[in-house]
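Following: one structure in structure tokens, then a few remarks.
The values are calculated or read from the model by the stated rules, or taken from the named source; none is laboratory data. Just so we're clear, the structure is a prediction, and the values are computed from it rather than from any experiment. Because the Cβ atoms are built from the backbone with ideal geometry, glycine has one as well, and the counts that use them run over all protein chains shown. Only protein heavy atoms, including side chains, enter the accessible area calculation; ligands, DNA and RNA are left aside. Shrake-Rupley method; radii C 1.70, N 1.55, O 1.52, S 1.80 Å.
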Amino acid sequence: MSGQPRLIAVRTLMDVLPGDGHGRSLREALAHHRQPLEPAERGLLTDLCFGVCRHYRLLDHWLDQQLQKPLKASARQVRLALLCGLYELWFTERAAHAVVNAYPDLCRTLKAPWAAGLANAVLRKATRLDLATWRATLPVPIRCSLPDWLWQQWQQDWGEAATTLAEASLNEPPMTLRVNRQHQDRDAALASLAAAGIAANPGTRAPFAITLAHAVPVQHLPGFDQGTLSVQDEAAQLPAELIEAPPTGRLLDACAAPGGKTGQLAERFPEASLLALDNDAHRLQRVRENLTRLGLHADVQQGDASDPTPWWDGTPFDAILLDAPCSATGILRRQPDVKWHRRAADLPALVGLQARMLDALWPLIRPGGLLVYATCSLLDQENAAQISAFLARHGDAQDDTPPDTGDVPVTAGAQLLSGTGQHDGFYIARLRKH
Ligand SMILES: C[S@@+](CC[C@H](N)C(=O)[O-])C[C@H]1O[C@@H](n2cnc3c(N)ncnc32)[C@H](O)[C@@H]1O
């Protein structure tokens, strides 16, 4: 291997992790630093970037303890290279001697030959650490690499279950599929996956979910290009399943991009009039691509869900799905960089936007109709507290969330906690209008 993936990993992480970088999302940064790499090299690059984001605080903490004097801010690339090396040694199966040898060379490539000896010494010492024993001595937010504000908020919201959430946030998520019911039922999809040599099990919560034993590239999924299957977490499949409407009814997917749930609504209600709205024109293109692959239709429109006047034609909807922008604290397994981007100070603006969207969309629903509110958040203020406040403001709204949807009692709607199953952390409330 050329060493190139480790170099690109350092440059990518420079853009993502706190410091003087751009604060880019990991996916954006990986796309920005895209270079021709062999599949194995690309796999290493992705693993290093996700792994260092996942375990950042733990790795950084140990490194700080080893350094006799702190690394200068200008040596940030060296620091990130060392964190990559620690991640490889502690969390991957790669041979320790190969890892230890790779990083002094990387320091030289980074024009920091002075750090080659340091890399060698630090990584050699790391190979001798009893990781499990040392980790057990650490406070949860360091052991589980969480920012303090999030750990404190989880403790406040979930009490003892916060530790389970923190530990589960480090896991690699399973690859979960949604079967396109317009093409086949779940048993037929399981049979075609088995015939392709892909081990899979039916989901336990969502009726068209299938969880794979091991992730595979989507191109290996039978019929993926023809729209037979989509990739979607099992909890994320529940909100659209809770929509009830006449087959030819009017549906709004109010925050639609990139279109995971739009596609699901189109699969469930192929004859409905479905409007997919989002305020991000670039992301709306993904909704169109998804619908094209599925062979299904929706009207796709750019607009602000908190201000319907410019885009609403005045005809009420039978049901609205509001998959609101949120802290994304329920999907840290999939987007570990969120931990280092999100701040406690971001929350009031997000909670305010969610409340404005709920209030603005509610009048668009016919009497007897539904609004399903969803977030991939594990923060009560975006979830049950948000919906309890909404119910207090709107006397014609009733919590109609099916019992047993959630994992833990909450004041309104249903909270799914990551760590209680294979699914992401998610919140769902079905609200019916009198
Ligand atoms: C959680 S994502 C939606 C995911 C999508 N429902 C899916 O299943 O693929 C939230 C979306 O809200 C959009 N958004 C943020 N503010 C908005 C606004 N004021 N009006 C409409 N959409 C907005 C974002 O662009 C983002 O695409």
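Which ones in segment 221-240 are more than 20 Å from the chain's Cα centre (by Cα) and either among the hydroxyl-bearing types (Ser, Thr, Tyr) or open to solvent by less than 60 Å² (accessible area, probe 1.4 Å) (or both)?
Leu221, Pro222, Gly223, Phe224, Gly227, Thr228
Can you tell me which of (1) more than 19 Å from the chain's Cα centre (by Cα); (2) more than 17 Å from Glu172 (Cβ to Cβ) is the one Leu58 doesn't meet?
Condition (2) is where Leu58 drops out.
Look at Ala29 and say whether it is surrounded by 16 or more Cβ atoms within 10 Å (Cβ to Cβ) and under 29 Å from Leu131 (Cβ atoms).
yes
Residues of segment 135-149 being of a type in the set (A, V, I, L, M, F, W, C) and surrounded by fewer than 14 Cβ atoms within 10 Å (Cβ to Cβ), which ones?
Ala136 - this is the single residue of segment 135-149 that is of a type in the set (A, V, I, L, M, F, W, C) and surrounded by fewer than 14 Cβ atoms within 10 Å (Cβ to Cβ).
Quick one: which strands (runs of 3 or more DSSP E) lie wholly within segment 185-260 and hold at least 3 residues that are closer than 30 Å to Leu431 by Cα?
In segment 185-260, the matching strands (runs of 3 or more DSSP E) lie at 209-212, 229-231, 250-253.
Just to confirm my filter: which strands (runs of 3 or more DSSP E) fall fully inside segment 318-434 and include at least 3 residues that are crowded, with 19+ Cβ neighbours inside 10 Å and touching a helix residue (DSSP H, G or I) at 6+ places or on another chain (Cβ under 8 Å)?
365-375, 426-433
Open to solvent by less than 40 Å² (accessible area, probe 1.4 Å) and farther than 30 Å from Ile210 by Cα: which single residue out of Leu110, Leu118, Leu129 fits that description?
Residue meeting the stated conditions: Leu110.
Based on this model, can you work out whether Thr228 counts as farther than 27 Å from Phe317 by Cβ and within 16 Å of the ligand (Cβ to nearest atom)?
no
What are the residues in segment 276-297 that are within 12 Å of the ligand (Cβ to nearest atom) and either touching a helix residue (DSSP H, G or I) at 6+ places or on another chain (Cβ under 8 Å) or within 20 Å of Arg366 (Cα to Cα) (or both), if any?
Result: Ala276, Leu277, Asp278, Val287, Asn290, Leu291.
Report, by residue number, each residue of segment 61-75 that is open to solvent by 30 Å² or more (accessible area, probe 1.4 Å) and in contact (Cβ under 8 Å) with a residue 12 or more places away in the chain.
If the condition is that a residue be open to solvent by 30 Å² or more (accessible area, probe 1.4 Å) and in contact (Cβ under 8 Å) with a residue 12 or more places away in the chain, then His61, Gln66, Ala73 are the ones that fit.
Per-residue answers, yes or no, for (1) in contact with a helix residue (DSSP H, G or I) (Cβ under 6 Å, 6 or more places away or on another chain); (2) among the hydroxyl-bearing types (Ser, Thr, Tyr):
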residue: Tyr87; (1), (2): yes, yes
residue: Asn101; (1), (2): no, no
residue: Leu110; (1), (2): yes, no
residue: Trp134; (1), (2): no, no
residue: Thr137; (1), (2): no, yes
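Taking segment 285-316, which residues are open to solvent by less than 40 Å² (accessible area, probe 1.4 Å) and under 14 Å from Met357 (Cβ atoms)?
Gly303, Ala305, Ser306, Pro308, Trp311
Is at least one residue of segment 166-178 hydrophobic (A, V, I, L, M, F, W, C), part of a helix (DSSP H, G or I) and without any contact (Cβ under 8 Å) to a residue 40 or more places away in the chain?
yes
So which residues in segment 134-164 are of a type in the set (Val, Ile, Thr) and in a loop (DSSP other than H, G, I, E, B), if there are any at all?
Thr137
Does Asp346 satisfy being within 30 Å of Cys53 (Cβ to Cβ), more than 12 Å from the ligand (Cβ to nearest atom) and free of Cβ contacts under 8 Å to residues at least 60 places away in the same chain?
Yes.
For segment 186-196, check the following and say yes or no: at least one residue is in contact (Cβ under 8 Å) with a residue 40 or more places away in the chain, of a type in the set (A, V, I, L, M) and assigned by TED's automatic domain parsing to the domain that holds His423.
Within segment 186-196, not a single residue is in contact (Cβ under 8 Å) with a residue 40 or more places away in the chain, of a type in the set (A, V, I, L, M) and assigned by TED's automatic domain parsing to the domain that holds His423.
Residues checked against (1) under 21 Å from Pro207 (Cβ atoms); (2) outside the structural domain of Thr420 (by TED's automatic domain parsing); (3) more than 8 Å from the ligand (Cβ to nearest atom):
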site: Thr248; (1), (2), (3): no, no, yes
site: Leu251; (1), (2), (3): yes, no, yes
site: Cys255; (1), (2), (3): no, no, no
site: Thr262; (1), (2), (3): yes, no, no
site: Ser273; (1), (2), (3): no, no, yes
site: Asp307; (1), (2), (3): no, no, no
site: Thr315; (1), (2), (3): no, no, yes
site: Ala319; (1), (2), (3): yes, no, yes
site: Ser327; (1), (2), (3): no, no, yes
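Can you name the residue in segment 204-220 that is in contact (Cβ under 8 Å) with a residue 40 or more places away in the chain and under 16 Å from Gly421 (Cα atoms) and is also most open to solvent (accessible area, probe 1.4 Å) among such residues?
Of everything passing the filter in segment 204-220, Thr204 is most open to solvent (accessible area, probe 1.4 Å).
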